[in-house]
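Since the structure comes first, as structure tokens, the remarks are kept for the end.
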Amino acid sequence: MTAAAAYTPVAWLLVAAGSAVGGALRYWISGRFSAGPGERFPLGTLVVNVSGCLLAGLVLALLHAAPAGSWAHDWLHNGLAFGLVGVLGSYTTVSSFSLQTLQLIDDGNWRGGLLNIVLSFSGCLGAVGVGYWIGMGIGIGIGLGTGLRGGPG
């Protein structure tokens, strides 16, 4: 897929559809982990962002494991508009993280604010690495490629 092909009307529709799915998932999942008004820590946003990073690493690794020109590579590459840009772009949220961290600090909860920063950064970076490592293992295991980009194997 060329850079120009990435901006086709179909790609725009895939991003829009994926964004609708990701936003709905974020709303549902973060609500399942949040205590509601007056919560002491934004656990729902942390869970959403870390799980989204895990999935992003997994998908990217599968794309890297698939040889260029193979059906798997083409399918994954075309699915990036829907999955990574649309679903995961809408599912994960830096704005919520930033606002909730600022609110913790504004409420005088410096420890909670700093904890949110440390857990979000380390959790998201660690999760994307773990997802990538798992994805490379899956990709290699099902014969997509050889893991030349630093994954297991």
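Gly112 passes all but one of (1) assigned to a helix (DSSP H, G or I); (2) modelled with pLDDT under 90; (3) more than 18 Å from the chain's Cα centre (by Cα); which number fails? Gly112 satisfies all of (1) assigned to a helix (DSSP H, G or I); (2) modelled with pLDDT under 90; (3) more than 18 Å from the chain's Cα centre (by Cα) except (2).
Among the residues of the range 70-91, count how many are touching a Lys or Arg at 6+ places or on another chain (Cβ under 9 Å) and open to solvent by 40 Å² or more (accessible area, probe 1.4 Å).
Of the residues in the range 70-91, the ones touching a Lys or Arg at 6+ places or on another chain (Cβ under 9 Å) are 90-91.
Filter once more, so that each one left must be open to solvent by 40 Å² or more (accessible area, probe 1.4 Å): none.
The number of residues fulfilling the criteria is 0.
Residue-level check: of (1) open to solvent by 60 Å² or more (accessible area, probe 1.4 Å); (2) modelled with pLDDT of 85 or more; (3) within 19 Å of Tyr132 (Cβ to Cβ), Cys53 misses just (1). Checking Gly129, Gly139 one by one, the residue that is at pLDDT below 95 and either open to solvent by 50 Å² or more (accessible area, probe 1.4 Å) or closer than 11 Å to Ala65 by Cβ (or both) is Gly139 and no other. On the basis of being hydrophobic (A, V, I, L, M, F, W, C), within 28 Å of Ile134 (Cα to Cα) and surrounded by 13 or more Cβ atoms within 10 Å (Cβ to Cβ), does Leu63 make the cut? Criteria met by Leu63.
Being under 17 Å from Thr45 (Cβ atoms), more than 19 Å from the chain's Cα centre (by Cα), open to solvent by less than 40 Å² (accessible area, probe 1.4 Å) and modelled with pLDDT of 90 or more: is that true of Leu104 here?
On the way: under 17 Å from Thr45 (Cβ atoms): yes; more than 19 Å from the chain's Cα centre (by Cα): yes; open to solvent by less than 40 Å² (accessible area, probe 1.4 Å): yes; modelled with pLDDT of 90 or more: yes.
When the stated conditions are applied, Leu104 passes them.
So which of Val21, Val59 ends up being under 19 Å from Gly86 (Cα atoms) and modelled with pLDDT under 90?
Val59
The values are calculated or read from the model by the stated rules, or taken from the named source; none is laboratory data. If you're wondering where the values come from, they're calculated on a predicted model, not measured in any experiment. Because the Cβ atoms are built from the backbone with ideal geometry, glycine has one as well, and the counts that use them run over all protein chains shown. Areas reflect the complete protein model, heavy atoms only, side chains present, ligands, DNA and RNA absent. Shrake-Rupley method; radii C 1.70, N 1.55, O 1.52, S 1.80 Å.
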